[in-house]
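The values are calculated or read from the model by the stated rules, or taken from the named source; none is laboratory data. Keep in mind the model is a prediction, meaning the values are calculated, not measured. So basically every Cβ, Gly included, is an ideal-geometry build from the backbone, and we count neighbours across all protein chains shown. These area figures cover heavy atoms from the full protein model, side chains too; ligands, DNA and RNA do not enter into them. Shrake-Rupley method; radii C 1.70, N 1.55, O 1.52, S 1.80 Å.
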Amino acid sequence: HRWTRVYPVAGTNMSPSLSCFRAVLPQISKGALFFCTNDGHVIRTDARDGELEWIHFFRPSTNDGYSLPASPRCLGAQIVTDDKVICMPKFTGYLFALDKATGRRIWRTPILRGHEILGVYEKNVVVFSDNSIYAVDLNTGELRWGRSIDSQYTDGFQLPRSQMIGSSIYCGTKNTLHRFDANSGALLESRDWAMGGEVPMTFLV
């Protein structure tokens, strides 16, 4: 056991909740530990001793007149790049980027009701949603492209856990696997599962 830290929140007698339900998976990048609590805090600490480096506060609800309602299927997400921390907290309904060194917010976009951030390809942050995939500009937060996954979509028809591998985005429905281009959103190919009367519950490429 090397260290334990408690990070009190200014103006309250509470600490950020790090429970599995209310926190995104922490990440380590270049000696710094980043975690998003989903309760309204993104925190950077020194991975060596837990020393607090910054806390960013955000609204953990959607009643601010700016955000769209959060998707009930949103898992919460955090991506750390060379100079940014991209967050999509579970209960907010928006995506935002912070400066990695200072915690200052660079941009925020309310256009998404996303389930997951699939990753970053070149300058695109790719987000998976209800029968939709989006690409948001990494530097500005502006929508680069968006498209539906399947024209026959009904609730429960889409498979969870889409994937991005290199420049390919893989999205599945109960009938078909689709591959899209991460740069443009174009559909590159599709194939049926060909499982007879059975249907998959998820997939892994």
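A few points about this structure:
- Estimated distance in nm for a label pair at L188 and D137, the labels positioned 7 Å out from Cα along Cα-to-Cβ: 2.5 nm
- Ranking M195, M88, M164 from most to least accessible surface, computed with a 1.4 Å probe over the protein chains only, gives M195, M164, M88.
- Reachable lysines, given that their alpha-carbon falls under 17 Å from the alpha-carbon of K100 and they are not under 8 places away in the same chain: K30, K84, K123
- Rg/Rh for the stretch 110-190 (Cα atoms only, Rh after Kirkwood) is 0.94.
- Efficiency of FRET from Cβ geometry, S168 and D49, R₀ 41 Å, rounded to 0.05: 0.50
- Cβ-Cβ FRET estimate between E122 and F203, R0 fixed at 25 Å, reported to 0.05: 0.50
- Accessible area of K84 (1.4 Å probe, protein heavy atoms only, ligands and nucleic acids ignored): about 20 Å².
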